[in-house]
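What follows draws every value from the coordinates through simple rules; no lab data is involved. Not measured: the values here are computed from a predicted model. Cβ atoms come from the backbone with ideal geometry, glycine included; neighbour counts cover every protein chain shown.
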Amino acid sequence: MTAGQCPVDGPILAIPPSEVAVKESREEAGAEVKPVRLLGILDKRCHDHPADIYYIYKVFIECDFISWVGSDNMETSDYGFFSLGNLPPLSTPRNTIAQMRTLFDYHNGALTEPMFD
C-alpha cells in the first residue's frame, strides 16, 4: 500500500494518481509496484494532522508489490514490510497511526469500500 500527498494547486495534478503511486513508491521506498485500487481520498484538515499552509487531499491507493529496486532517499529512514505493531516512527504530519490502522483493515479485508473526507 502506498500513500502520497501533494498540494492541490501543484503541477503534480497533471500526473494520474496511479502514476504518482508508482513514482512515490519507487522514490520513497525503492519498491516497484502496480496500483490496483483506490482505498480513499481524505481531506487532511478533517483528520488529526497539524495545520499546514497548503490545502491537501491525501490519496490512498492499494498496490501490488513487484520487486525491490532500491532507493537513495534522504526522506525515508527505512523501508520494508512491517506489521502494525512493528511500524517504524511515522511522519505524523503526513500519516497518522489511525490511518495506518485503517490501511491494515483494508489489507486484512475488514474494509472494502473507499473512504472519503
Seminar exercise, completed: Amide H proximity to Ile56 below 5 Å, modelled H, separation 5+ or other chain, gives Lys44, Arg45
Seminar exercise, completed: Over the chain, the sum of -39500 (n - 2.57) across DSSP H runs of at least four, divided by residue number and rounded to 500 deg cm²/dmol, gives at 222 nm -6500 deg cm²/dmol
Exercise. Over the chain, what is the mean sequence separation of C-alpha contacts under 8 Å (at least six apart), divided by residue count, expressed as relative contact order in percent?
Worked result: 32 percent
For this session: Multiply the residue separation of Phe82 and Tyr54 by 0.36 nm, subtract the distance between their alpha-carbon atoms, and state the gained length in nm to one decimal.
Result: 7.1 nm
For this session: Would you mind computing, in nm to one decimal, how far apart the modelled labels at Thr96 and Lys23 are, each placed 7 Å from Cα along Cα→Cβ?
Result: 2.7 nm
Exercise. Given a Förster radius of 30 Å and the C-beta distance between Ile41 and Glu75 as r, what FRET efficiency does 1/(1 + (r/R0)^6) yield to the nearest 0.05?
Worked result: 0.85
Seminar exercise, completed: Exposed chymotrypsin sites (Phe, Trp or Tyr not before Pro) being those in a DSSP loop with at most 16 other Cβ atoms within 10 Å, the longest stretch of the chain free of them is 1-53
Exercise. Considering the chain as a Gaussian network with a 10 Å cut-off on Cα pairs, which listed residue, Leu103, Leu38, Leu84, attains the greatest mean-square fluctuation?
Worked result: Leu84
For this session: Provide, in order from the shortest bin, the percent of all Cα-Cα pairs of the range 43-117 in each 10 Å bin, continuing until the bin that contains the maximum pair distance.
Result: 14, 43, 37, 6
Problem set entry | Which of Phe81, Leu42, Ile56, positive extreme of dipole for the chain (C-beta unit charges) | Leu42
